[in-house]
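In what follows, a structure is listed as structure tokens, so that the remarks can point back to it.
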Amino acid sequence: MIQLPLFKDFDGYSPKYHFFKNSLLGQIHDSIPWDDLVSCLPEERAGRGAPSWFGGKGIFALMFLKAYLNTSDRQLLERYNTDWALQYFCGKVLAENQQIKDMTIMTRVRAYLEKHCEWERLQEVLISHWKRDVNNSHVLLMDATCYESFIRFPTDVKLLWESCEWVFEKQLFRLCSHLGVKRPRSKFREQRIAHMAYSRKRKNSFRETLRRRKALVYLLAKGIGQLQQILDSNKGADLGLKDFARFAVIKKVHRQQEFLLDNPPSALKDRIVSLHKPYLRPIVRGKENRPVEFGAKAHILQVDGLTFIDKLDFNAFNECTRLKLSVAKHRRFFGPVNQLGADRIYATNKNRRFCTDNKIFTCFPKKGPKKHERAEKILSSEISKQRATVMEGVFGTNKEFYGLRKIRVKGDKREKFAIFFGIMAANAVKIAKRRSEKESPPQQNAA
């Protein structure tokens, strides 16, 4: 008599797939509308050349997995080669003798999304799919935070010295050696010794720092002129597009630093703080332990524990001016707003009149001698508590467990995508747990 196995492997099903579907990772997979996300990408073309490892679904799945696992690109792909659950999540199961050896796939995935996608469109797709799992849609919470970029703390001396190193060592000296041209005279070597002596000091006075800045501004101006002369006389030499873009940034750094020698920092706009990430701007937060942050400022909306992005920008903006637009965006997806929780910075006269005209109850303290009634006071206290605990807690959770503590990718659009997928991965986990709780039968107490 022939005995059939309980679970038989065949195309599209295996015992491992059964275990995957009943795990948290499988529930997260089922909570994401893959087909709607893939429709935001251009159609795949099957042309000549080696086939791609991942399709449209795999591209989005890798971005969700990177945020969910909070790992580097290499660690993610190394784990993908040995973890069948991640392969099921991406819809690409490797053969027993097959593995991905190209560790630059994630870089190409980010470049592809940067070229063909907008995070605003992807967020609309996810909100439209998840809004059926939202219960208290009439309550809107809002606040602003900063997602810092991975750079060392910038100073004027560091920025000027990095610019001088690039101009002289990486370009000017190399081009002179390559073209057989005599090096133009400069004080670069003497300034390098002086910079090492300055850097070794534990603490430098304001006068010493100012003297160092003036010397580096003068040296950088001389280096820029000498490098530009060689490029003009040799038709650009062999500099690539990235080198010319970096040279343009260094010229702007020199103009800004020369301006700062005679003017206060508040008079300078679009101040560059990093050569590798010239799109970053100092975001003044006013916190006691971190008054200035360097990264993208985000205005975040929260509805029933789910977090969405209202505005994401590397330039500083006043979040209190976003209240009307945030309410309009909430109405578009979730319906009317009856209760609103926000910080005191939002309690301007203009916002108060808007909320009063639209019958929106807020947690703002009342102006004048009139006080809240007892019921209003309890409701206002509860909204303030939710905003201060739940929303601030979500900020900390996303930064600590979903790869948003320090954004390591380069490029303004790529950083925004990293922030977006970190926030959406946290939402997908919440949606998966909610659906699992609804489907699981209630446990009866034993008699």
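The values are calculated or read from the model by the stated rules, or taken from the named source; none is laboratory data. Computed from a predicted model, the values in this text were never measured in an experiment. Cβ: placed from backbone, ideal geometry, glycine included. Neighbour counts: every protein chain shown. Areas reflect the complete protein model, heavy atoms only, side chains present, ligands, DNA and RNA absent. Shrake-Rupley method; radii C 1.70, N 1.55, O 1.52, S 1.80 Å.
What to note about this one:
- Sites listed here are GluC sites (Glu not before Pro) in the range 321-387 whose DSSP assignment is loop and whose Cβ has at most 11 other Cβ atoms within 10 Å: E373.
- Around the amide H of L306, modelled in the peptide plane, lies no amide H under 5 Å away from a residue 5 or more places distant or on another chain.
- Per residue value of the accessible surface for the chain (all protein chains in place, 1.4 Å probe), Å²: 58
- Cross-link pairs K182/K252; K242/K410; K170/K413; K158/K214 - those with Cα-Cα distance over 20 Å: K182/K252; K170/K413
- Only the Cβ atoms of Lys and Arg (+1) and of Asp and Glu (-1) were treated as charged; on that basis the dipole of the chain about its Cα centre amounts to roughly 2240 debye.
- Under 5 Å, built H, 5+ apart or other chain: amide partners of T362: L340
- Per-residue ³J(HN,Hα) for the range 168-177, Karplus 6.51 cos²θ - 1.76 cosθ + 1.60, θ = phi - 60°, Hz, x for Gly and Pro: 7, 6, 7, 10, 4, 5, 5, 5, 5, 5
- Mean residue ellipticity at 222 nm, helices only, the chain: -15500 deg cm²/dmol; runs of at least 4 DSSP H residues each add -39,500 (n - 2.57), and the sum is divided by the number of residues.
- Start at zero, step by 5 Å, and the Cα-Cα distances of the range 202-350 spread as 1, 7, 12, 13, 14, 12, 10, 9, 8, 6, 5, 3, 1, 0 percent across the bins.
- Per-residue extension of 0.36 nm, minus the Cα-Cα distance of D83 and R192, leaves a gain of 34.3 nm for this segment.
- Under the simplified labelling scheme, the T71-I100 pair shows an inter-label distance of 1.0 nm, with each label point 7 Å from Cα along Cα→Cβ.
- Solvent-accessible surface (1.4 Å probe) assigned to F364 amounts to roughly 10 Å².
- For the range 413-426, backbone phi angles converted through the Karplus equation (6.51, -1.76, 1.60; θ = phi - 60°) give residue-by-residue couplings of 6, 5, 5, 5, 5, 4, 5, 4, 5, x, 5, 6, 5, 5 Hz, Gly and Pro being listed as x.
- Degrees between helix 56-69 axis and first principal axis of the chain (Cα, 0 to 90, nearest 10): 80
- Using the Karplus relation 6.51 cos²θ - 1.76 cosθ + 1.60 with θ = phi - 60°, the per-residue 3J(HN,Hα) values for the range 345-360 come to 5, 7, 7, 7, 4, 5, 5, 5, 5, 4, 5, 5, 5, 9, 6, 9 Hz, with x marking Gly and Pro.
- Between the range 242-319 and the range 164-193, the Cα center-to-center distance that results, in Å: 31
- Across the range 311-447, counting alpha-carbon atoms alone, Rg and Dmax equal 19.1, 62 Å.
- A viscosity of 1.002 mPa s and a temperature of 20 °C, combined with the Kirkwood radius over C-alpha pairs in the Stokes-Einstein formula, give the range 205-284 a diffusion coefficient of 151 µm²/s.
- Loop-located chymotrypsin sites (Phe, Trp or Tyr not before Pro) in the range 100-161, at most 16 other Cβ atoms within 10 Å (DSSP): F150
- Cα gyration tensor shape for the range 107-178, rounded if a/c is under 1.5, else prolate or oblate: oblate
- Full extension of the segment from T348 to H372, taken as 0.36 nm per residue of separation minus the current Cα-Cα distance, would add 6.8 nm.
- In this structure the amide hydrogen of L141, modeled in the peptide plane, comes within under 5 Å of the amide hydrogens of Q302, G341, none closer than 5 places in sequence on its chain.
- Degrees between helix 188-200 axis and first principal axis of the chain (Cα, 0 to 90, nearest 10): 50
- Label assignment, log10 I(q)/I(0) by the Debye sum over Cα atoms at q = 0.11 Å⁻¹ derived from the structure, set [x] -1.04; [y] -0.80; [z] -0.92: [x]
- Of E148, E415, E400, the residue with the largest accessible area leads and the full order is E400, E148, E415 (1.4 Å probe).
- 20 Å Cα-Cα threshold exceeded, pairs from K187/K222; K324/K350; K385/K406: K385/K406
- Computed from Cα positions, the angle between helix 119-130 and the longest principal axis of the chain comes to roughly 10 degrees.
- A Förster radius of 30 Å, combined with the Cβ-Cβ distance separating T155 from R183, puts the computed FRET efficiency at roughly 0.55.
- The listed peptides 284-292, 300-308, ordered by packing as a protection proxy, come out as 300-308, 284-292 (highest mean of other Cβ atoms within 10 Å first).
- Here the chain exposes an accessible surface that is 51 percent carbon and sulfur, computed with a 1.4 Å probe and the other protein chains kept in place.
- Overall form of the range 56-101 per C-alpha gyration tensor (a/c, 1.5; a/b vs b/c): oblate
- The range 115-156-the range 355-415 distance, computed between alpha-carbon centres (Å): 14
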